[in-house]
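Bear in mind these aren't lab numbers, they're just calculated from the coordinates by the rules spelled out. Fair warning: this is a prediction, and the values are worked out from it, not measured in the lab. Backbone-built Cβ (ideal geometry, glycine too); neighbour counts: all protein chains shown.
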Amino acid sequence: MIKIEHMSKNYGPYPAVIDVSFEVLKGEIVGFLGPNGAGKTTTMRVVTGFTPPTEGEVTVGGYDVVSHSLEVRRHIGYLPETVPLYLDMTVNDYLTYMGEIRGMNASWVQERLPKVIDMVKLGEYQNTLVGRLSKGYRQRTGIAQAILHEPDVLIMDEPTIGIDPIQVVETRELISNLGAEHTMLLSSHILPEVSAICKRILVINDGRIVADDKPDDLSEKLQHAERIEISVRGAEASAFINSMREISAVIDARSDQRASVVQRSEREDFTPFIVDARPNLQASEQIAKSIIENGWGLINLTPLPMTLEEIFLELTTEENLDE
């Protein structure tokens, strides 16, 4: 549905996006990650036809974003980072107006509007002035205008920024449900949000795409050490750590600080640890053997993939990119 080939965008002499190429297939939900200023918003503005590319070709649904801009916009629903809402309109009036300027006739708006209001759970606020809505409900209004005209593609730029944690969870669930019916490109710097919604990740840094893969596959490619979660019974922390450090395949061992005080009080019969080991050396077998030889009880031994946060840092830290 979205195809970008060798696209660059300059602002005067300054390049914002450099030779970017990627494709989002029909039905995909793709996360678009990158630090502030990396080129995420610029790329989305080019895809939605808000600004033309300096070089390259961008198409949506087979239509070029420059030569067939109006046709592209019919296929796209866009939620910018700052939604342009009219604060002195009610939710109903605003959405009706947005439908009209998108070319929807009155009967289509009348039929579609109640469905959209119900989807984004704005029923009790539909006659409220937009200016009186909370940030979270304004964001829902923005999502409503993006899906009102039944677009094939949704482009969302930081959809949960600035809203409270409860609204974040609800908005994330709404976006996930929308993904079942739309092709979606979702920009965010909130990594748990992307991992909860997206099956594929694009990472952009300094205007260039530095990764394009599934989270698990990225983790496997970038993992320089094998991280293992271990729980043992009957071992003092210092004795266990010293025993692990004697194993040649082990890089280091430490107590698992992720286990909360409550968890530890509920599990006083065993202790959680994290062990980092060199990959491809059968470290798990050596660790299990050491635990048994020391007379400790092995409760759990689970290899851990890199977290999305670790992947993000690996791909966007200058020292790593220069290696």
Checklist entry - Roughly how many Å is it from the Cα centre of the range 281-302 to that of the range 221-244, as a whole number? => result 9 Å
Checklist entry - Where the centroid of each part is defined by its Cα atoms, how far is the range 114-177 from the range 180-214 in Å? => result 20 Å
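Quick one: order 170, 293 by neighbouring beta-carbon count within 10 Å, fewest to most.
Working: 170 17, 293 9.
Listing 170, 293 from fewest to most nearby Cβ atoms yields 293, 170.
Run the dipole for the chain about the Cα centre, Lys and Arg Cβ at +1, Asp and Glu Cβ at -1, nothing else charged, and hand back the magnitude in debye, nearest 20.
800 debye
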Next on the checklist: What is the angle, in °, between the Cα long axis of helix 91-101 and the longest principal axis of the Cα atoms in the chain? Nearest 10 is fine, range 0 to 90.
Outcome noted: 70 degrees
Item to check | Entry for Kirkwood radius over Cα pairs in Å (calculated from the structure that is shown) out of (i) 22.5; (ii) 19.8; (iii) 20.3 | outcome: (i)
Next on the checklist: Need the list of lysines near residue 214 for cross-linking: C-alpha distance under 19 angstrom, and skip anything on the same chain fewer than eight residues off.
Outcome noted: 3, 26, 40, 199
Checklist outcome for this item: Nearest 10, in degrees from 0 to 90: the angle of helix 165-178 to the longest Cα principal axis of the chain is 70 degrees
Item to check | Kirkwood-Stokes translational diffusion coefficient of the range 224-304, alpha-carbon pairs, 25 °C, 0.890 mPa s, µm²/s | outcome: 195 µm²/s
Checklist entry - How far is helix 283-293 tilted off the main Cα axis of the chain, in degrees rounded to 10, range 0 to 90? => result 40 degrees
Checklist entry - How large is Rg over Rh for the range 181-248, taking Rg from the Cα atoms and Rh as the Kirkwood inverse mean of 1/r across Cα pairs? => result 1.19
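In what order do 63, 97, 78 fall by count of nearby beta-carbon atoms within 10 Å, going from fewest to most? Present the calculation step by step, with values, prior to reporting the outcome.
Details: 63 18, 97 14, 78 21.
The most exposed by this proxy come first: 97, 63, 78.
Nearest 5 is fine: what % of DSSP beta bridges in the range 103-249 come out antiparallel, could you say? Kindly include the intermediate steps, with their values, before the conclusion.
Values: 5 of 10 bridges.
Antiparallel bridges: around 50 percent, rounded to the nearest 5.
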Checklist entry - Of all DSSP beta bridges located in the chain, what percent are antiparallel, nearest 5? => result 70 percent
Checklist entry - To the nearest 500 deg cm²/dmol, what mean residue ellipticity at 222 nm is calculated for the chain from DSSP H runs of n ≥ 4 alone, each contributing -39,500 (n - 2.57), summed and divided by the residues? => result -11000 deg cm²/dmol
Checklist entry - Ranked by Cβ crowding within 10 angstrom, fewest neighbours first, how are 124, 314 ordered? => result 124, 314
